[in-house]
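Coordinate-derived values only; no laboratory data. Since the model is a prediction, treat every value here as computed from it, not as a measurement. Note that each Cβ is placed from the backbone with ideal geometry, even for glycine, and that neighbours are counted across all protein chains shown.
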Amino acid sequence: MPKDYYKTLGIEKNASTEDIKKAFRALAHKYHPDKQGGDEAKFKEINEAYQVLSDEQKRSQYDQFGSGAFDGSGGFGGFSGGAGPGSAWDFSGFGGGQGGFSSAGFEDLGDLFGGIFGGGGSSRTRARKGTDIQVDVELSFKDSVFGVEKELSVTKHSTCDRCGGNGAEPGKGMKTCTDCHGNGVKIGVQRTILGNIQTKQTCATCSGTGQIPNTPCTTCKGEGIERKKKTLTVHIPAGVEDQNVLRVKGEGEAIKGGASGDLFVRIHVKPDHRFEREGSTIYSEKKIGFTQAALGCTVDIETVDGNVELKIPEATQSLTEFRLRGKGVQTSHDRGDQIVVVKVVTPHKLSREQRKALEELNLKE
C-alpha cells in the first residue's frame, strides 16, 4: 500500500528542508520508544518518511513515483540498510523497562539524529540499568508529621546471594567471554542510507561483563540474579504529604552486568477527622458553649503530641483562631504551628430556668 510521507510528518508538499527537519524532530521526541508513551511502529514510520524527504534526490523520486520507488523493487532497497521496516535497528529489546533500549543497538542512533534524544555523543555504550519499581505505603496522619521507619516486602529480581551476581558457582572462577573477547560489547559496521556506521551492542553472552562462568551457579543458572522476596526498612522523613513519592536508589530490579533500578515509594496519608493540614500548619476545631465563650474557660485541645490545655478568654467570638506554637508539622528546618478554630455552639434546647435566665439578661449586640 502506498505511503504518504508528507502526511506521516504532518507537512505540506511544498515544505522546506527546515520544515521537514523541524517536523521530524518534534514527532521523534513524541514517539521515541525510549520515552514514556512512545510508539515503536509510529517512530519507524516517521523515521522512514524523514530519510526520504530530507534527501533532495530521494524526495524527487518519491514525488514522481511514490513510495513504490523504495519498496525493494526500485533502487532504494526498502530501507533494508537500517532506516525502516526490516531494519537492523532492532526494537525487540524495548518494553522491559527503562533500560530496554540498551540491548537493541540504539547507542548509535545519535549519529543519525544529531543527539536530539539527549546524551550527545553516541559512540559510547549507554550504561545498562534494571527496571524501576513502585510500591504504595499508607501512613497515619501522625506518622506523616513525625516520620517513621517502614518495613516493606518486595518480590523482585535481586543479585544472587550464592554467586554474588557473577553467575559462577563459588570457587569455579570466570573466563573471558569468547563472543566479545572480553570487551563486553560487540562492534560491527552497518550499512545505511547515510553510509557505513559503526555499531556497538551489549554482548548477550556475558551481559556486557566481558566474562562468563566456568561453571554456572546452581542457584541462578548463571544469570547472576534470582527472583525472591526482599524485606527493606525504608525511612519515611517527617513532613511527607499525601501522594509524595520517595526514591530509594538501587532497590529496584537487578540485572547482570548493570546497575539495579530504583524503588519509588508512593505515600498515601490516611485522613484524620481531628486535623487538617496546610503546609507545616495543622488546623483543628474546638466547640465551646455560650457561657464558656462569654465568661472564658480552659479547655483540652487534641494535638499530634497529645492533649494540651488552652485558655479561652472571656467574650470570645465564634471562629476566633488560637495559635499553638510548635504543635504543627515537623520539617527539616523547624516545626510549624497548630491553629485552633473555636466555634461557639448555640444550644438547641433550653430548660425553663435557662430560658428565663437568658430573658432576664436580655443580652444584645
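Quarter the surface of the alpha carbon convex hull of the range 276-361 and you get the mean projected area, 6.5 square nanometres.
Separation of the alpha carbons by more than 25 angstrom is noted, of Lys156/Lys186; Lys150/Lys221; Lys270/Lys327, for Lys156/Lys186; Lys150/Lys221.
Only lysines eight or more places from Lys35 in sequence, or on another chain, were considered; those with a Cα closer than 22 Å are Lys21, Lys22, Lys44, Lys129, Lys200, Lys249.
Count Lys and Arg as plus one, Asp and Glu as minus one, and take only other residues whose Cβ is under 14 Å from that of Lys22; the net charge is then 0.
Most simply put, the range 276-361 has about 65% antiparallel DSSP beta bridges, counting only bridges with both residues inside it. Report the local net charge at Glu241: Lys and Arg +1, Asp and Glu -1, summed over other residues whose C-beta lies under 11 Å from its C-beta. Taking every Cβ under 11 Å from that of Glu241, the sum is -1.
Give, to the nearest whole percent, the P(r) tail of the range 206-355 beyond 22 angstrom, counting all Cα pairs. Result: 63 percent of Cα pairs exceed 22 Å.
What's the local net charge at Val137, with K and R +1, D and E -1, over the other residues with C-beta under 12 Å away? Residues close to Val137 contribute a combined charge of -3.
Neighbour counts of C-beta atoms inside 10 Å place Ile312, Ile46 in the sequence Ile312, Ile46, starting with the fewest.
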